[in-house]
Amino acid sequence: MDKTPILDVRKLSVSFSQYTTALIKHRLQVISDLRVKLYSNEIVAVVGASGSGKSLLAHAILGLLPYNASLGGEILYQGSPLTPKRIEQLRGKEIVLVPQSVSYLDPLMKVGTQIRNGKTDQETQRKATATLQRYGLGAETEVLYPFELSGGMARRVLIATAVMASPKLVIADEPTPGLHISAAKGVLEHFREIANEGAAVLLITHDLELAVEVADRVVVFYAGTILEEASASDFRDVSRLRHPYTKALWHAMPQNGFKAIEGMQPYASDKPRGCPFFNNCGFAQKNCDAEVPYRKMNGGYVRCIRGESCAT
Ligand SMILES: Nc1ncnc2c1ncn2[C@@H]1O[C@H](COP(=O)(O)OP(=O)(O)O)[C@@H](O)[C@H]1O
Ligand SMILES: [Mg+2]
């Protein structure tokens, strides 16, 4: 594919400056060497356990990291650097966040006013009504306050609000928490539609089962770095997956035996050198604790030194 990606995250790292109890300042690197490219019309799912760095990626792109964070690497949007000034101009317009929490809705503002973003012109009014309608929310929803919405309705309002801006890049950070499986599927189908209409969607989720149903590609995070990029269809056959951790995720899926993944994800401050899955990997070998490059393999990418024929 030679067209310019909408989003190109290159070797992203994030570290935080912290003070020890002795008031000595030190830096803690929590994200390293994250890479992901996203083109229009596609959904890339970011999966990984809690604490693996998914939200930090979203916040880094959106320019929403806390003041004590520093960034390394590059984030390109449509081919040029996404500087703090540029993201400020684009956020909420071309680049939107669909947040995890419905508490992002202003509790004191009626749905109609929120979705119109304060505008009162006829064109905005018409678009707001049509957009709500598209998500099964009739005109009567516009006069409701957030507390009067069911959880599923509030979630659809969040998506409708994002779509109102006609975004080119949608970042959804765990958009289906606590939703029943069929409701969650419905929400993800909305993201598929948004991508089909031309946007690029970065879908952050810990639900691999839903991710592989709706996404085009899946990237797997672990302990602050990326271990694999696979096409969603690779998950139909475990032998097509590349990293032992991704294979373990596959075996943990309900339809594949629900086998729990061994060991804990290491925390940033005591991460081993080399592959962060090293201490929990059944296939660990000499050199896994040395630097492991992220490389191309079978049409995807992997950070693993094993050969093409990693046994399951
Ligand atoms: N402000 C912060 N200061 C220090 N560490 C942080 C901060 N924010 C997040 N982290 C750490 O970064 C890691 C990744 O966090 P996060 O991106 O929120 O994970 P996820 O969204 O995958 O659950 C976690 O280990 C978390 O403790
Ligand atoms: Mg998160």
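Bear in mind these aren't lab numbers, they're just calculated from the coordinates by the rules spelled out. Keep in mind that this is a model prediction, so the values were computed, not measured. Every residue, glycine as well, gets a Cβ built from its backbone with ideal geometry; the counts of neighbours run over all protein chains shown.
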So which of THR176, THR113 ends up being outside any helix (DSSP H, G or I) and of a type in the set (S, T, N, Q)?
THR176
Members of the stretch 275-298 found to be free of Cβ contacts under 8 Å to residues at least 60 places away in the same chain, crowded, with 17+ Cβ neighbours inside 10 Å and not in a helix (DSSP H, G or I), listed by number
CYS275, PRO276, PHE277, CYS281, ALA284, CYS288, VAL292, MET297
Taking the stretch 27-81 and the residues there that are assigned to a strand (DSSP E or B) and of a type in the set (Val, Ile, Thr), the one that is farthest from ligand 1 (Cβ to nearest atom) would be ILE43
Would you tally the residues in the stretch 45-83 being closer than 17 Å to LEU202 by Cβ, within 16 Å of ligand 2 (Cβ to nearest atom) and either loosely packed, with under 15 Cβ neighbours inside 10 Å or not hydroxyl-bearing (Ser, Thr, Tyr) (or both)?
15
Sort out which residues of the stretch 140-156 are of a type outside the set (Gly, Ala, Ser), outside any loop (DSSP other than H, G, I, E, B) and either more than 20 Å from the chain's Cα centre (by Cα) or within 16 Å of ligand 2 (Cβ to nearest atom) (or both), and write them in order of number.
GLU140, THR141, GLU142, VAL143, PRO146, PHE147, GLU148, MET153
Which is more than 19 Å from the chain's Cα centre (by Cα) and on the phi > 0 side of the Ramachandran plot, of GLY48, GLY79, GLY63, GLY92?
GLY79
